[in-house]
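The values are calculated or read from the model by the stated rules, or taken from the named source; none is laboratory data. The model shown is predicted, which means the values in this text are computed figures rather than measured ones. Heads up, the Cβs are rebuilt from the backbone with ideal geometry, glycines too, and the neighbour counts pull from every protein chain shown. These accessible areas exclude ligands, DNA and RNA; they are computed on the full protein's heavy atoms, side chains included. Shrake-Rupley method; radii C 1.70, N 1.55, O 1.52, S 1.80 Å.
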Amino acid sequence: MPVRLVAWAVALLLVYQWAALVLEFFPYTRPWGERLFENLLSGLGRFARSILQAIPGLLFVALIFFITRFIVRVVRAFFDGVQAGRIRVAWVDETTARPTGRLLTAIIWLFSLVAAYPYIPGSDSEAFKGIGVFVGLMLSIGASGVVNQAVSGLMLMYTKALRPGEFVQVGETEGTVTS
């Protein structure tokens, strides 16, 4: 794959140089042909400068990612211990440990995304902001029913209205709660 990529880059460079040579043959387009190589070098220089300027932000994003990953692993290990009964805490029990851990993990990742957002290269551009607003709007419109159902389920779970092993009847459906 890298060899093919280099071959394409060389081919494009040759076509670019050929276009410059052809443009130099005609008096009207000669200045364009003479400036093509300068334009290519200045464009590559701007591209390289942009990459170099983005490196500190990308390193900070990577640092946030690794710190978040470590915190999530600690949280997951804690709630796995609570679920297995190795760790006892008053505010969560074995039945609510797994969903509580998942909720906390999702919240931690969302906070890390918010913290990393300003350091993502291009995040200050209008296009990036517009896409963010569009995605947020689409999620808020499309997820209203899902959020309603999720909150209802969380209320049932955390108020301990239903416990594993209980026999329940919801409408015409009845059965034993398994999880």
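Taking the centroid of alpha carbons for each part, segment 138-179 and segment 1-61 are 58 Å apart.
Can you tell me the length gained on complete extension of the stretch I131 to L40, counting 0.36 nm per residue apart and subtracting the Cα distance? Present the calculation step by step, with values, prior to reporting the outcome.
Values: separation 91, 0.36 × 91 = 32.76 nm, distance 3.01 nm.
Length gained, I131 through L40: 29.8 nm.
Neighbours of L21, meaning other residues whose beta-carbon lies under 14 angstrom from its beta-carbon, give a summed charge of 0 when Lys and Arg score +1 and Asp and Glu score -1. Among Y28, Y117, Y158, which one shows the biggest mean-square fluctuation in a GNM of the chain, springs joining Cα atoms closer than 10 Å? In the Gaussian network model the winner is Y28. The heavy atoms of T159 present about 90 square angstrom of accessible area, all protein chains included, probe 1.4 Å.
Shape verdict for segment 47-179, please, from the Cα gyration tensor: rounded (a/c under 1.5), prolate (a/b greater than b/c) or oblate.
It comes out oblate by the Cα gyration axes.
Pick from F134, F25, F60: which is most flexible by mean-square fluctuation in a GNM of the chain where alpha carbon atoms under 10 Å apart are linked? Highest fluctuation among the options: F25. Quick one: among V135, V15, V89, which has the greatest mean-square fluctuation in a GNM of the chain with alpha-carbon springs under 10 angstrom? In this elastic network of the chain, the residue with the biggest mean-square fluctuation among V135, V15, V89 is V15.
Only four residue types carry charge here, +1 at the Cβ of Lys and Arg and -1 at the Cβ of Asp and Glu. Report the dipole size of the chain about the Cα centre in Debye, rounded to the nearest 20. Kindly include the intermediate steps, with their values, before the conclusion.
Details: 15 positive and 11 negative charges, 99 e Å.
In total the dipole reaches around 480 debye.
The length gained on full extension between E174 and W109, counted as 0.36 nm times the residue separation minus their Cα-Cα distance, comes to 19.7 nm.
From helices alone, the chain scores -26500 deg cm²/dmol at 222 nm; the rule is -39500 (n - 2.57) for each run of n ≥ 4 DSSP H residues, then divide by the residue total.
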